[in-house]
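This is the structure, below, for whatever I ask next.
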Amino acid sequence: MNLIDSLWVYVLVFIFAALPFFEAYGVIPIAMIAGLSPVPVIILGLVGNIVTVLLVVAFVNKIKEWREKRKKRKNEEDNSPNKRQQRAQKLWKKYGLPGLALIGPLIVGSHLTAFMSLTLGGAKKKTAYWMTASIVIWSFTFAILVHFGIDLLGHGERNLFDF
């Protein structure tokens, strides 16, 4: 791979980690399995995911306003929570912000978890801290598991895409 292709692949890691439902803890292991260098992949994945989650936290009020306007346009008067919201409320009542921040990203993704945490009453600053910690913990956990899984299988020196 030449330098431009190499840089482009790392830019894609950043972009995919920033997208909801791809998440850093999903993109980092895939990139490592694909043969990319773990250190830049972990850094770019974390930065991409954390920055977009912090944007959700910072602009949560604008997002709420947008959702309310959208509901009014669709004439949705049913304010009863759906199954996903009910699960989040149960987690919130049982474990609070730390529990939702640590468990939520595995179920619905970090962006939606941050939004739900703030909607259920979490403070912006604490939500930002807990979501950042959660993203870092899960990303490193999956990166370590993939790293040792690849080495245990004897594929550590082989690029997945080399045929």
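When you go through L44, L36 one by one, which is the residue that is part of a loop (DSSP other than H, G, I, E, B) and within 24 Å of V146 (Cα to Cα)?
Residue meeting the stated conditions: L36.
Go through the stretch 1-41 and give me each residue that's under 17 Å from P105 (Cα atoms) and among the β-branched types (V, I, T). Full working, then the answer.
At the first step, the residues of the stretch 1-41 found to be under 17 Å from P105 (Cα atoms) are 16-29.
Those that are under 17 Å from P105 (Cα atoms) and among the β-branched types (V, I, T): V27, I28.
Something else about it: Identify the residue in the stretch 15-24 that is without any contact (Cβ under 8 Å) to a residue 40 or more places away in the chain and closer than 16 Å to V136 by Cβ and, among all such residues, is surrounded by the most Cβ atoms within 10 Å (Cβ to Cβ). Talk me through it step by step, then tell me what you get.
So in the stretch 15-24, the residues without any contact (Cβ under 8 Å) to a residue 40 or more places away in the chain come out as 15-19, 22.
From the residues that got through so far, the ones that are closer than 16 Å to V136 by Cβ too are 17-18.
Working: A17: 28, A18: 22.
Only one residue tops the list, namely A17.
Sticking with this one: Go through the stretch 111-124 and count every residue that is at negative phi and either modelled with pLDDT of 95 or more or not in a helix (DSSP H, G or I) (or both).
3
Of the numbered conditions (1) surrounded by fewer than 19 Cβ atoms within 10 Å (Cβ to Cβ); (2) part of a helix (DSSP H, G or I), V57 fails exactly one; give the number of that condition.
(1)
I'd like to know if the stretch 62-71 contains one or more residues that are assigned to a helix (DSSP H, G or I), closer than 24 Å to A143 by Cβ and not β-branched (V, I, T).
No - not one qualifying residue is present in the stretch 62-71.
Out of V9, V27, V39, which single residue is closer than 22 Å to V136 by Cβ and either touching a residue at least 40 places away in the same chain (Cβ under 8 Å) or surrounded by 13 or more Cβ atoms within 10 Å (Cβ to Cβ) (or both)?
Numbers: V9 fails: closer than 22 Å to V136 by Cβ; V39 fails: either touching a residue at least 40 places away in the same chain (Cβ under 8 Å) or surrounded by 13 or more Cβ atoms within 10 Å (Cβ to Cβ) (or both).
Within the list V9, V27, V39, the selection yields V27.
Then there's this: Restricting the first residue to the stretch 114-131 and requiring it to be in contact (Cβ under 8 Å) with a residue 60 or more places away in the chain, which pairs with a second residue that is among the basic types (K, R) meet a Cβ separation below 6 Å and a spacing of at least six or different chains?
none
Considering I144, I150, which residue is over 19 Å from P20 (Cβ atoms), modelled with pLDDT under 90 and out of contact with any strand residue (DSSP E or B) (no Cβ under 6 Å at 6 or more places or on another chain)?
Exactly one of I144, I150 is over 19 Å from P20 (Cβ atoms), modelled with pLDDT under 90 and out of contact with any strand residue (DSSP E or B) (no Cβ under 6 Å at 6 or more places or on another chain), namely I150.
Something else now. Exactly one condition in (1) modelled with pLDDT of 95 or more; (2) surrounded by fewer than 20 Cβ atoms within 10 Å (Cβ to Cβ) is false for L44; which is it?
Looking at each condition in turn, L44 falls short on (2).
Please tell me if S139 is of a type outside the set (A, V, I, L, M), within 16 Å of V47 (Cα to Cα) and without any contact (Cβ under 8 Å) to a residue 60 or more places away in the chain. Steps first, answer last, please.
Values: of a type outside the set (A, V, I, L, M): yes; within 16 Å of V47 (Cα to Cα): yes; without any contact (Cβ under 8 Å) to a residue 60 or more places away in the chain: no.
When the stated conditions are applied, S139 does not pass them.
The values are calculated or read from the model by the stated rules, or taken from the named source; none is laboratory data. The structure displayed is predicted, hence computed values, not measured ones. When we count neighbours, we look across all protein chains shown, and the Cβ atoms used for this are built from the backbone with ideal geometry, even at glycine.
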